[in-house]
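The values are calculated or read from the model by the stated rules, or taken from the named source; none is laboratory data. Because the structure is a prediction, the values reported are computed rather than measured. Cβ: placed from backbone, ideal geometry, glycine included. Neighbour counts: every protein chain shown. Just so you know, the surface numbers come from the protein's heavy atoms only, side chains and all, with ligands and any DNA or RNA stripped out. Shrake-Rupley method; radii C 1.70, N 1.55, O 1.52, S 1.80 Å.
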Amino acid sequence: MEKEIRKIQLKCLEILNVVDEICRKNQIKYSLCGGSVVGAYLYKGCLPWDDDVDLMMTRKNYNKFVKIISKSLPEGYSVHNYQLTNDFESTFTKIMDDSTTVVQQDGTVSGVFLDITVYDKIPMDYHFKWDVFLWKISQVVMIGKLEDKSIKTKIRNLVLSTVLRDKRKFLRFFQRQVEKIGEKANPYSYAELFGAFCNTKPYKPEIFENYSEIEFEGKNYMIIRDYVEYLQNRYDRTDFREPKEKQVAPHYQYVDLELPYEQYKK
């Protein structure tokens, strides 16, 4: 299994190099994110048991990236998010290697991918409650209908079938609201309202507005300057080493790095 994980990591690094080149060419700032920051900090590379690479951007950089990425990717790679495609697996962006196949634990079929999440400016006043309200609705929208027969669930499913039946339309509305409020916010913090994790934890502006570089798998990549403070805030601890029982690959139940996932689906 360790050899298989390493092969997946190397594919992820190929995607990372593509994204890094595009970002540097277009003056777009990004940073390693989450477990990839932990890996860079502790191992100067991927966590030995991790089977993906994650990046993060501020909304300003992210919007610039989304605007140019479709035309900038080389052949064999594709971009997936609610702004550009009909994929609704996530509220963030996936850059995918189309020549590979992975089946995730929930049964989703795709190519090996790199995730890019966005951090938005969040006001430190009553507007924050509106952002959080919309964020909570977005979680309902992305989870979708439930199957139990309680009155609450029936109402939820009815709303999803009527008012919120167009996911992309709601997410775009959510994005416009968050951006509009964020542009006027002062003072403000940053939060991952469109991210992979269900949280609205705030981060100081300095964390996402100062950048450096860090060695990761033998090459330098962009990272937020205060990445240790970011990790402490994100994980609510100062020791980022995981116990042995948590050192497991989280994502995939099946992998074929030589078969395009569209062929696998057929």
- Message: To make sure I understand the rule: partners must be lysines, Cα under 18 Å from the Cα of residue 11, and not fewer than 8 residues away in the same chain. Which ones qualify?
- Response: 3, 44, 94, 219
- Message: Please report the accessible area of residue 109 (heavy atoms, 1.4 Å probe, ligands and nucleic acids excluded) in Å², nearest 10.
- Response: 40 Å²
- Starting from the residue with the highest accessible area, list 124, 96, 142 in decreasing order, probe 1.4 Å. 124, 142, 96
- Note on the structure: Taking N as the number of residues in the chain, the ratio of its alpha carbon radius of gyration to 2.2 N^0.38 Å works out to 1.02
- R0 of 25 Å, Cβ-Cβ distance residue 98-residue 172: FRET efficiency to nearest 0.05: 0.45
- Message: Amide H of residue 54 versus every other amide H placed in the peptide plane: which residues, excluding those fewer than 5 positions away on the same chain, fall under 5 Å?
- Response: 33, 36
- Each label point is 7 Å from the Cα along the Cα-to-Cβ direction; what then is the distance between the points at residue 246 and residue 3, in nm? 3.0 nm
- Query: Spin-label point model (7 Å from Cα, Cβ direction): what's the residue 265 to residue 219 distance in nm?
  - Reply: 2.8 nm
- Message: What are the ³J(HN,Hα) couplings of segment 165-173, residue after residue, when phi is run through the Karplus curve with 6.51, -1.76, 1.60 and θ = phi - 60°? Round to Hz, x for glycine and proline.
- Response: 6, 9, 4, 4, 4, 5, 5, 5, 4
- In segment 37-86, which trypsin sites (Lys or Arg not before Pro) are in a loop and have at most 13 other Cβ atoms within 10 Å, using DSSP for the loop call? 44
- Choose one of 34, 153, 80: the residue whose Cα lies farthest towards the positive end of the charge dipole of the chain (beta-carbon charges +1 Lys, Arg; -1 Asp, Glu; about the Cα centre). 153
- Item | Relative contact order computed over segment 131-178 (Cα-Cα under 8 Å; 6+ residues apart), in percent | 47 percent
- Find the centroid of the Cα atoms in segment 127-155 and in segment 48-110, then give the distance between the two in whole Å. 25 Å
- Item | Within the chain, longest stretch clear of exposed GluC sites (Glu not before Pro) (DSSP loop, no more than 11 other Cβ within 10 Å) | 148-257
- Those trypsin sites (Lys or Arg not before Pro) from segment 202-242 that are DSSP loop and have at most 14 other Cβ neighbours within 10 Å turn out to be 237, 241
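Before anything else, pin down the relative contact order of segment 46-185: Cα pairs under 8 Å, at least 6 apart, normalised by residue count, whole percent.
23 percent
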- In segment 209-266, taking the dipole from +1 charges on Lys and Arg beta carbons and -1 charges on Asp and Glu beta carbons about the Cα centre, the listed residue (264, 218, 230) farthest towards the positive end is 264
- Check each of the trypsin sites (Lys or Arg not before Pro) in segment 127-159 and keep only those in coil by DSSP with at most 16 other C-beta atoms within 10 angstrom; list them in order. 145, 149
- Item | Dimensions (Å) - segment 175-215, Cα atoms, principal axes, largest first | 37, 24, 16
- For segment 19-166, the dipole about the Cα centre with charges only on Cβ (Lys and Arg +1, Asp and Glu -1), to the nearest 20 debye, works out at 780 debye
- Here the relative contact order (percent) of the chain, from C-alpha pairs under 8 Å and at least 6 apart, is 25 percent
- Partner aspartates and glutamates for residue 184 [C-alpha distance under 15 Å; skip if fewer than 8 residues away on the same chain]: 120, 125, 131
- Query: If ligands, DNA and RNA are left out, what is the accessible area of residue 33 with a 1.4 Å probe, given in Å² to the nearest 10?
  - Reply: 10 Å²
- Message: With every protein chain kept in place and ligands, DNA and RNA left out, what is the accessible area per residue of segment 1-86? Probe 1.4 Å, answer in Å².
- Response: 46 Å²
- segment 118-160 - Debye-derived log10 I(q)/I(0), Cα point model, q = 0.24, 0.33 Å⁻¹: -0.82, -1.14
